[in-house]
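Accompanying notes for the structure given below.
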Amino acid sequence: MIASVRGPVTARKTDHVVVECAGVGYRVAVSSETLRAVPRAGKEVLLHTHLVMRDDAMHLYGFSSEEERELFLMLIGVQGVGPKVALAVLSGGKPRELLNAIATGDAARFQAVPGIGKRTADRVIVELREKVAGRVSDEIVITKSDDPRVLARQGLESLGFSAQEADSLLDTADGESPEELIQAALKAAR
């Protein structure tokens, strides 16, 4: 695997850069955040990279920091998020901001990315929230509730119900635990 490339920038485009290393020019796809850190042509750059091999091609993705590369790897591990969509997500802000958005459940931030709908945004948050919890800044507080109705509402939303639908279903549901409430709400939805 190619872990990094260092050398002079020979081309700088909106979605990629070309970095010359030992006489070979590597075309490296980058996010707009990384592109801001890449100097003009002729100057030297170090990019942390990840190589994705397909049957028909090899694609090299570059990042200005290891933190950004790690977030990219987490994102492409989520079903429905490929390397191009992951780069689009990374173009939406600094890695720390994106980690905070995942930790706080800010699905709207991910829905704004082309190629990500509501379900994929929710999937990103659900699958990555625990992984990023230790990485977010100390001032972000993730509130955890013990209220069964709040937990049941979150469960229904993760199943694809809107907040309003979940609330109306839970208004008529009886139960002591989140599981009982969800089961009752799903029966009422039929």
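The values are calculated or read from the model by the stated rules, or taken from the named source; none is laboratory data. Just so we're clear, the structure is a prediction, and the values are computed from it rather than from any experiment. When we count neighbours, we look across all protein chains shown, and the Cβ atoms used for this are built from the backbone with ideal geometry, even at glycine.
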**Asked** Scanning segment 159-190 for residues that are at pLDDT below 80 and exposed (fewer than 15 other Cβ atoms within 10 Å of the Cβ), which turns out farthest from G105 (Cα to Cα)?
**Response** R190
**Prompt:** Mind checking which residues of segment 1-51 are of a type in the set (A, V, I, L, M), farther than 21 Å from G93 by Cβ and outside any strand (DSSP E or B)?
**Reply:** M1, I2, A3, A22, A41
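Looking at this structure, is E157 in a helix (DSSP H, G or I) and farther than 22 Å from R129 by Cβ? First the steps, then the outcome.
On the way: in a helix (DSSP H, G or I): yes; farther than 22 Å from R129 by Cβ: no.
The answer is no for E157.
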**Prompt:** Of all residues in segment 30-48, which are closer than 14 Å to A86 by Cβ and without any contact (Cβ under 8 Å) to a residue 60 or more places away in the chain?
**Reply:** V30, S32, T34
**Message:** Being exposed (fewer than 13 other Cβ atoms within 10 Å of the Cβ) and on the phi > 0 side of the Ramachandran plot is the requirement here; does A3 meet it?
**Reply:** no
**Request:** Could you please tell me which pairs satisfy a Cβ distance under 7 Å, a separation of 6+ or placement on different chains, a first residue in segment 1-29 that is under 21 Å from E67 (Cα atoms) and modelled with pLDDT under 95, and a second residue that is loosely packed, with under 15 Cβ neighbours inside 10 Å and among the small types (G, A, S)?
**Result:** none
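If you go through segment 38-97, how many residues are under 12 Å from the mean Cα position of the chain (by Cα) and not aromatic (F, W, Y)? Spell out the reasoning first.
So in segment 38-97, the residues under 12 Å from the mean Cα position of the chain (by Cα) come out as 68-97.
Still in the running and not aromatic (F, W, Y): 68-71, 73-97.
Adding up the residues that qualify gives 29.
For V141, indicate whether it is under 20 Å from the mean Cα position of the chain (by Cα) and either within 26 Å of L51 (Cα to Cα) or at pLDDT 90 or above (or both).
Numbers: under 20 Å from the mean Cα position of the chain (by Cα): yes; either within 26 Å of L51 (Cα to Cα) or at pLDDT 90 or above (or both): no.
Answer is no for this residue.
To keep it simple, each residue is scored yes or no on (1) buried (at least 18 other Cβ atoms within 10 Å of the Cβ); (2) in a loop (DSSP other than H, G, I, E, B); (3) in contact with a Gly (Cβ under 8 Å, 6 or more places away or on another chain); (4) not charged (D, E, K, R).
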site	(1), (2), (3), (4)
E68	yes, no, no, no
L73	no, no, no, yes
G80	no, yes, no, yes
A86	yes, no, no, yes
G93	no, yes, no, yes
L99	yes, no, no, yes
I102	yes, no, no, yes
